[in-house]
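Reading through the structure tokens given below for one structure.
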Amino acid sequence: MKQAVLVVDIQASFSPPNWLVRRAQEIANAIPSVATVERHNESRVPFKAQLNWAPAQNDLSLVKADHEFVKHGYAPTPQILDTIMGMGPDRVLVCGIQADTCVLAAGFALFDLGLKPTLIADTVVGSSLDRSGGCCQSNTNPSPAAFRAGALIQPEAGAIQRGRRFSSI
């Protein structure tokens, strides 16, 4: 099965926990990858007016990916989706920040294209209501060797899938 990963908004404005950056980078190093960065432009998306907060205007992805795109708003842009489609994946793994907004929007957009998005539970955090990141602490710590062995990026391989680390939309 050909896979790619979409790394959603792992950037300084969202204060991601170090373990999230590390895990997402391990996956992005292993398979074709696309990263998004949410940047603020009040004329395009009224973050300040609606949320009294906004991401920085100059953030970069903290995860190095094959392709990096700037977006404004929750959903991936047509250019992001075209790039992923051009990779020809059977499944797109999705990781990043915020589980309840941008990650979910990305999963729906991928699904609507006929792809099979799979959220990786150990690499998705939220919510935007907790700026401390305290809600994002994980009780699990998969070994980096699991990524190299392919167990976390190929759930058919066994125990990781049975352990429910993957959630298909």
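The values are calculated or read from the model by the stated rules, or taken from the named source; none is laboratory data. Just so it is clear, the structure is predicted and the values come from calculations on it, not from any experiment. Glycine also receives a Cβ, built like all others from the backbone with ideal geometry; neighbour counts cover every protein chain displayed. SASA here: full protein model, heavy atoms, side chains in, ligands and nucleic acids out. Shrake-Rupley method; radii C 1.70, N 1.55, O 1.52, S 1.80 Å.
Computed from backbone phi with θ = phi - 60° and the Karplus coefficients 6.51, -1.76 and 1.60, the 3J(HN,Hα) list for the range 33-39 is 9, 9, 10, 10, 10, 8, 10 Hz; x is used for glycine and proline. In this structure Leu51 has an accessible area near 90 Å², from a 1.4 Å probe over the protein heavy atoms.
Over the range 1-76, average the accessible area per residue using a 1.4 Å probe and give it in Å², no decimals.
The answer is 47 Å² per residue.
When peptides 19-27, 2-10, 39-47, 65-73 are sorted by average Cβ neighbour count within 10 Å, with the highest value leading, the order is 2-10, 19-27, 65-73, 39-47.
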